[in-house]
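The structure appears right after this line, and notes come after that.
Just so it is clear, none of the values below were taken in a lab; they were calculated from the coordinates. The structure displayed is predicted, hence computed values, not measured ones. So basically every Cβ, Gly included, is an ideal-geometry build from the backbone, and we count neighbours across all protein chains shown.
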Amino acid sequence: MHFHQRALIFSRADLEFGEKYLDVMLEDGSQSTGFSVEYSEIGFDQTVQSMSELAVGRLGLVLIGGSIIVGVLTGGQPQGMAAGFNWLCFIAGLILFASMRYARFDATVILLSSGNRLIVFHDGQQKEILDEIDKRRRSDLRRLARYDALMHPEVEMHKLRYLKKHGVVSEAEFEELRSRIESQPAVRLGNQ
């Protein structure tokens, strides 16, 4: 399953849902980054943030800088159409740079266990994308919903409470696993 997202003019995201990983490619007009993340590494906490389209301001600076360079190269006296075009570029650059604070879009930001962020633009597809992430994350976390006798019971209970809190295991599954954990002695390591 693949989603292509676009926010305003320059910001883009490509999300490819694979069997074990979500592949992400983000671009903002001047740089791009890509990464893969296991579904179980995608956090449950989400925030909606208003983000700037930084490339709009950068384009404005390029137009302003270009018109200043043309002015310097022509001794401050561009002639005819060149003068009109130079002024047009300068004014368009000022408008773009000034509008940078208004060139904003909303996105849902999800923290990853690595500390990185997953960004889902609010472009009309976000609900379907977030639902798919949630479905695959819960499915991936289901593999943890088993008793591991080699782990300390407190660690197992912490894991079990986490899975219950996020709806990965039902109340009945929680109670069954809890009774198995509580009936096992603590594992002793080394010469304790």
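General observations
- Residue check, LEU160 hydrophobic (A, V, I, L, M, F, W, C), closer than 24 Å to LYS20 by Cα and crowded, with 17+ Cβ neighbours inside 10 Å: yes
- In segment 118-156, the residues that are crowded, with 16+ Cβ neighbours inside 10 Å and part of a helix (DSSP H, G or I): GLN126, ILE129, GLU132, ILE133, ASP134, ARG136, ARG137, ARG138, ASP140, LEU141, PRO153, GLU156
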